[in-house]
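S.K.: Here it is, the structure, as structure tokens.
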Amino acid sequence: MDAVPRPTGGSLHLTPQPGAARHALLRLVTVMLDRTDERGVLWEAMVAIAATGPFTAEAAYTVHDGLARRCPPRQVAAPVIARPGSPVLRWPAADPSRGTPADVAAADVAAADRLDRRIDALDGHSRHLDEPGVPWARAIALRYRDHCLGYLVVRSLTMPSAEESALTDLLAQQTGIALARLTGYRAQPARVESEGMAGTGELPESGNVRGAADGPPTPALTATVSALASRLAVQDALSRAAVSGGGEQGILHALHDHTGFTALTEDRFGNTRARAGPRRGESRTVPGSRPYPQPGARRRTALMDGALRRPGTVRDRDRLIVPIQMAGDLLGVVALVDPDRRATETDTAALEQAALVLAPQLAHEYRLAELEPRLRSALVDRLISGGTTDDVFTQAAALGHDLHRPHRVAALEWPGTAATAVVGEAVVRVAGRLRREVLVGSRGATTVALVTDEDRRDPGSELHRALSDELGTGAGTIGVGGRCDVFTDLPHSYDEAVRALTIRRRSQDPYGSTGFEELGLCRMMGAGDGQREADRFVREWLGRLLDYDARHHTELVTTLSRYLESGGSYDTTSRTLLVHRSTVRYRLQRIGEITGHDLSDVGTRLNLHVATRIRNVLDVPH
């Protein structure tokens, strides 16, 4: 058997090599056949963890009768035999600035004493250790079921990745199992006693806590090693599935293949994300079957709270579940459907390993889900602001959007909706149903959508109808800008969309969709100085008439508008208003008296016609 480098004292630094972590993990099994001591298992665990990433394995402890005891290093190093893919030891260089060797030794003893007190004060669970100048330090609990059998103290000068953190958790789990087998833990806790431990605070130099003589492995130990080897095979299959590109579905298929049970994942709210294997009570090929029934909200909350407090597998009626966590955040659960309660300890171990492998996958997906809308919004903001370069094509392509096609900009406001993000998500959903591709962002309270326009149809009306159904209210407004054949025209289309939106919102019918091309004369208005000038122009020519109508509940402004729209025809105006021709004549006479305008003057008629047109589009303040 190949020798593995062993430290003579102090921290263990390793340069991670490909395959080193798996090799060290396998040695956690073989060490049980070679020795009968806890210390050997702990040092194997330190070698394995140091090989998984940028870690320094600082110290190891065992827990006996509630007391944590530091595991002393071996005094003589075993010979080092180099092998391809094995971890390479890298010892820290001496630091002259720390003083004389005596000073260094005294400081190390004091630091070790402080660490011993901190570990002894822990509650049996892994905890982060806040240390000055150390970005990441953790005491990793080595647990078996409800018992803490020891700790590994691990430090890193950089923040480990999600995958590295998940692998350290897996190694800690396997180490806890190995310690449990050595110390005699089964379903019930067993007290560990040894003459060499009394009052020493450390393990005896021999490290033998069972009192068993060296010799051939017992049948029970052989069965244990076989079970651990099976677990490693499952872990290998799950790891391969994770890196093969199959993602969450591939991991579930591997779990189903090794356990024979239907495997599924759910999000934190209980919605099924993916599954592998036949549905409960049905063949796996039956389409359209109903999903597995979900517990009520209160019961699920209580179930998740209990599962998070008690590590390991939890039974939920016909299922076995394990929470999927990353950095203390609940990402979801992975479950095996086991209505007949046939699952073995090997199956539950596979389920727990699947949860560890799935954690970085789900965490990555959630981060992408949070990041992608921000990236899309930032790209939209660049495009409508102008000054962009051709690199936007690459950015858009990375988000799955083709900027080479014609687009229109749509500006949307739904005042009854809580946030623009809600409107933006709804736009994406309905655009997919309408077979239109969109990029969605926002400016303040306005949602901005870049909509493909290859069919040269104004998308506003169908988008408004679909969004009204999606959001449950039609009390929203959409302004649509002109068509852009090149992306450099998008800022102009955005300005047009905002102008159309503003004019529609100020109109007598504020809800619906208006395209900039529909505005006609009102294209010159809509925002800023143009809007204010329009208001002043209407007040100048129609102000007295609007005030008269408001006081006397008459419709003289409407009569004037219909008369001018008809080209000055009494007959057409009377038919439109459903009044007698003489009534039209009388009303026009009163309009002249009230406003002081001569309706026979061509210039006056033109200004009044423009004012009534603007008034019909805008809800001009009286």
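The values are calculated or read from the model by the stated rules, or taken from the named source; none is laboratory data. This one's a predicted model, so the numbers in the text were calculated from it and none came from an experiment. Don't worry about glycine lacking a Cβ; one is built from the backbone with ideal geometry, like all the others, and counts go over all protein chains shown. Heavy atoms of the whole protein, side chains included, go into the accessibility calculation; ligands, DNA and RNA do not. Shrake-Rupley method; radii C 1.70, N 1.55, O 1.52, S 1.80 Å.
S.K.: At 7 Å along Cα-to-Cβ for each site, give me the label-to-label distance between THR272 and ASN607 in nm.
M.R.: Here the modelled spin labels are 7.3 nm apart.
S.K.: Among GLU38, GLU462, GLU518, what's the order by accessible area (1.4 angstrom probe), most exposed first?
M.R.: So, going from the largest accessible area down, we get GLU518, GLU462, GLU38.
S.K.: Sticking with the crude label model, points 7 Å out along Cα→Cβ, report the distance from ASP402 to ARG581 in nm, one decimal please.
M.R.: Using points 7 Å along Cα→Cβ, the separation is 6.2 nm.
S.K.: Same structure again: Could you compute the FRET efficiency for ALA107 and ARG429, with r as their C-beta to C-beta distance and R0 at 56 Å, rounded to 0.05?
M.R.: Efficiency computed from Cβ-Cβ geometry: 0.35.
S.K.: Here is a further query. Keeping every protein chain in place, order ARG465, ARG615 by accessible area at 1.4 Å, biggest value first, i.e. largest first.
M.R.: So, going from the largest accessible area down, we get ARG465, ARG615.
S.K.: Something else now. With a 1.4 Å probe and every protein chain kept in, tell me what percent of the accessible surface of the stretch 346-451 is carbon plus sulfur.
M.R.: Ligands and nucleic acids excluded, carbon and sulfur reach 55 percent.
S.K.: Rounded, prolate or oblate: pick one for the stretch 110-150, where a ≥ b ≥ c are the square roots of the eigenvalues of its C-alpha gyration tensor, a/c under 1.5 means rounded, and failing that, prolate if a/b is larger than b/c, else oblate.
M.R.: In terms of gyration-tensor shape, oblate.
S.K.: With every protein chain left in place, what is the accessible area of VAL428 in Å² (1.4 Å probe, nearest 10)?
M.R.: The accessible area of VAL428 comes to roughly 80 Å².
S.K.: Give me the extension gain from PHE393 to THR473: residue separation times 0.36 nm, minus the current Cα-Cα distance, reported in nm with one decimal.
M.R.: Roughly 25.2 nm would be gained on extension.
S.K.: So what is the diffusion coefficient of the stretch 478-518 in µm² per second by Stokes-Einstein at 4 °C and 1.567 mPa s, using a Kirkwood Rh over Cα pairs?
M.R.: 128
S.K.: Take the Cβ-Cβ distance between GLU517 and SER244 as r, set R0 to 45 Å, and report the resulting FRET efficiency rounded to the nearest 0.05. Intermediate results must be reported in sequence, preceding the final value.
M.R.: Values: r = 52 Å, r/R0 = 1.16.
For R0 = 45 Å, the calculated efficiency reads 0.30.
S.K.: Would you mind computing, in nm to one decimal, how far apart the modelled labels at GLN508 and ARG443 are, each placed 7 Å from Cα along Cα→Cβ?
M.R.: About 3.0 nm separates the two model spin labels.
S.K.: Note down the accessible area of MET159, probe 1.4 Å, to the nearest 10 Å².
M.R.: Approximately 130 Å² of MET159 is accessible to the 1.4 Å probe.
S.K.: So, taking all protein chains as they sit and a 1.4 Å probe, how much accessible area belongs to HIS580, in Å² rounded to tens?
M.R.: 120
S.K.: Under a 1.4 angstrom probe, counting protein chains only, how are ARG143, ARG499 ranked by accessible area, largest first?
M.R.: So, going from the largest accessible area down, we get ARG499, ARG143.
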